[in-house]
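First the structure, in the form of structure tokens, and then the observations on it.
Read-outs: derived from the displayed coordinates by stated rules, not from any lab. This is a predicted model, so every value here is computed, not measured. Here the Cβ is made from the backbone with ideal geometry for all residues, glycine too, and neighbour counts use every protein chain on show.
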Amino acid sequence: MLCDVVLEDDRWQAAGLEDLAERAGRATLEHLGLDPEEWEISVLGCDDTRIAALNEGFRNKPQPTNVLSWPSEERGAEGAGERPDLPIPGADPELGDIAIAWETCAREAADGGKSLADHVTHLIVHAVLHLLGYDHVRDQDATLMETTEVQILGKLGVADPY
């Protein structure tokens, strides 16, 4: 298994977070030419209260958000719009940690007219790309990240979220 999933909120069990995270994580790594069997990702399925505390502690933003990610090491590209350096197979297999919040995800999916499964799949793909050094702070990086997300989601049968 690529993803080690811990469920702090039971609603994630019924939503199938373990399967969604595994499928999205595998698709992301495979799209980038990485063998999912060589890597590990930790995923926390939590609620808005827990993710707000994490968001405040790590980003100094005391409010809930949909997903957070913590890469095990810095992998970002130096130049705007450049692909990040991928991790080296055989090195430390831990890519990083992801936390995803139930209430925010459910609300966003409903507000956007999307299924919860499709929205969560998108957020996990997004978070795994962050673990791999992708970002969206600079415009060129955002374009690269969003294009990559859309390609991966298309392979999974998920419509373009943008």
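Taking the simple approach of a point 7 Å from Cα along Cα-to-Cβ for both Asp92 and Gln151, what is their distance in nm?
Modelled inter-label distance: 2.8 nm.
Under a point-charge model restricted to the Cβ atoms of Lys and Arg (+1) and Asp and Glu (-1), what is the dipole moment magnitude of the range 3-155 relative to its Cα centre, in debye to the nearest 20?
On the way: 12 positive and 32 negative charges, 99 e Å.
Magnitude of the dipole: close to 480 debye.
Out of all Cα-Cα pairs in the chain, roughly what percent, to the nearest whole number, are more than 20 Å apart?
Working: 6299 of 13041 pairs.
Everything past 20 Å amounts to 48 percent.
Read phi for every residue in the range 86-103 and hand back ³J(HN,Hα) as whole Hz from Karplus 6.51 cos²θ - 1.76 cosθ + 1.60, θ = phi - 60°, with x for Gly and Pro.
6, x, 8, x, x, 7, 4, x, 6, 8, x, 10, 10, 10, 9, 9, 4, 4
With 21 Å as the cut-off, how large is the P(r) tail for the range 12-95, expressed as percent of Cα-Cα pairs?
Details: 1552 of 3486 pairs.
So the portion of pairs separated by more than 21 Å is 45 percent.
Please list the three semi-axes, largest first and in whole Å, of the ellipsoid equivalent to the range 74-162, using sqrt of 5 times the eigenvalues of its alpha carbon gyration tensor.
Details: eigenvalues 119, 50, 29 Å².
They are 24, 16, 12 Å, listed from largest to smallest.
In nm, to one decimal, how far is the modelled label at Glu73 from the one at Arg11, with both set 7 Å along Cα→Cβ?
The two pseudo-label positions are separated by 3.8 nm.
Taking K and R as +1 and D and E as -1, what net charge do the other residues with C-beta under 13 Å from the C-beta of Gly16 add up to? Let's see the in-between values first.
On the way: positive: Arg11, Arg23; negative: Asp10, Glu18, Asp19, Glu22, Asp118.
It works out to a net charge of -3.
To the nearest 0.05, what FRET efficiency results for Gln63 and Glu30 with a Förster distance of 30 Å applied to their C-beta separation?
Numbers: r = 34 Å, r/R0 = 1.14.
That gives a FRET efficiency of 0.30.
Long-range amide H contacts for Leu7: which residues qualify at under 5 Å (H placed 1.01 Å from N, peptide plane, sequence gap of 5 or more or a different chain)?
Amide H neighbours of Leu7, under 5 Å, 5+ apart: Gly45.
If you take every DSSP beta bridge whose two residues both sit in the chain, what share of them, in percent to the nearest 5, is antiparallel?
Details: 5 of 17 bridges.
For the chain, the DSSP antiparallel bridge percentage is about 30.
Give the longest segment of the chain that steers clear of GluC sites (Glu not before Pro) in DSSP loops with at most 11 neighbouring Cβ atoms within 10 Å, not counting the sites themselves.
Working: sites that count: Glu74, Glu78.
Result, exposed sites excluded: 79-162.
For Thr49 and Tyr162, compute 0.36 nm times the residue count separating them, minus their Cα-Cα distance, and round to one decimal in nm. Present the calculation step by step, with values, prior to reporting the outcome.
Numbers: separation 113, 0.36 × 113 = 40.68 nm, distance 2.72 nm.
Extra length available between Thr49 and Tyr162 comes to 38.0 nm.
What nm value, rounded to one decimal, do you get for the distance between Asp19 and Ala80 when each label is placed 7 Å out toward the C-beta?
Distance between the two pseudo-spin positions: 4.3 nm.
Taking the Cα centre of each part, how many Å lie between the range 1-55 and the range 119-143?
Using only Cα atoms to place each centre, the spacing works out to 15 Å.
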